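J.: Let me begin by handing over the structure; questions about it come next.
The values are calculated or read from the model by the stated rules, or taken from the named source; none is laboratory data. Just so you know, these numbers come straight off a predicted model, no measurement behind them. Ideal geometry is used to build each Cβ from the backbone, glycine not excepted, and the neighbour counts take in all protein chains shown.
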Amino acid sequence: MSPRTADKNPIEIRYLLNQAGLTFAEVDRDHGLKTGTARATARYPHRAGEHAIAKALGVPPTELWPSRYRTDGQRLKPQPAANYCMPPKFPKRQKGRLA
């Protein structure tokens, strides 16, 4: 995988964890994280969550979230604002048509 590709989608991360026989909740418990941290990390930056998920999958965090890291592997600080906004999951519908 090239170092500057797009971040993995949260659904892809869940799929990879399921392939490894894990869930977000198990990653939280195994790494002593607060409940929901790993799930939220799939969408928003969180240093400990990123490292926990990456360790569970056996890959570096830079492979999962290249937008959160520099090309030399150092984590960006502060994170770009774009890393904190996600598009809505489903478009809003209004009376059978898109709003």
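J.: Taking the conditions exactly as written (hydroxyl-bearing (S, T, Y), at pLDDT below 95 and loosely packed, with under 13 Cβ neighbours inside 10 Å), does Y69 satisfy them or not?
T.: On the way: hydroxyl-bearing (S, T, Y): yes; at pLDDT below 95: yes; loosely packed, with under 13 Cβ neighbours inside 10 Å: no.
When the stated conditions are applied, Y69 does not pass them.
J.: Can you name the helices (runs of 4 or more DSSP H) wholly within the range 19-61 that have at least 1 residues being within 9 Å of the chain's Cα centre (by Cα) and surrounded by 18 or more Cβ atoms within 10 Å (Cβ to Cβ)? Outline the logic, then answer.
T.: Details: elements: 24-30, 37-41, 47-57.
Because the criterion is at least 1 residues that are within 9 Å of the chain's Cα centre (by Cα) and surrounded by 18 or more Cβ atoms within 10 Å (Cβ to Cβ), the helices (runs of 4 or more DSSP H) in the range 19-61 that meet it are 37-41, 47-57.
J.: Consider the range 1-17. How many of its residues are exposed (fewer than 11 other Cβ atoms within 10 Å of the Cβ) and either without any contact (Cβ under 8 Å) to a residue 24 or more places away in the chain or farther than 14 Å from L64 by Cβ (or both)?
T.: 2
J.: Here is a follow-up. List the residue pairs whose Cβ atoms are under 7 Å apart, where the first residue sits in the range 41-57 and is without any contact (Cβ under 8 Å) to a residue 12 or more places away in the chain, the second is part of a loop (DSSP other than H, G, I, E, B), and the two are 6 or more positions apart or on different chains.
T.: Sorted first by the residue in the range 41-57, then by its partner, the pairs are A54/P60.
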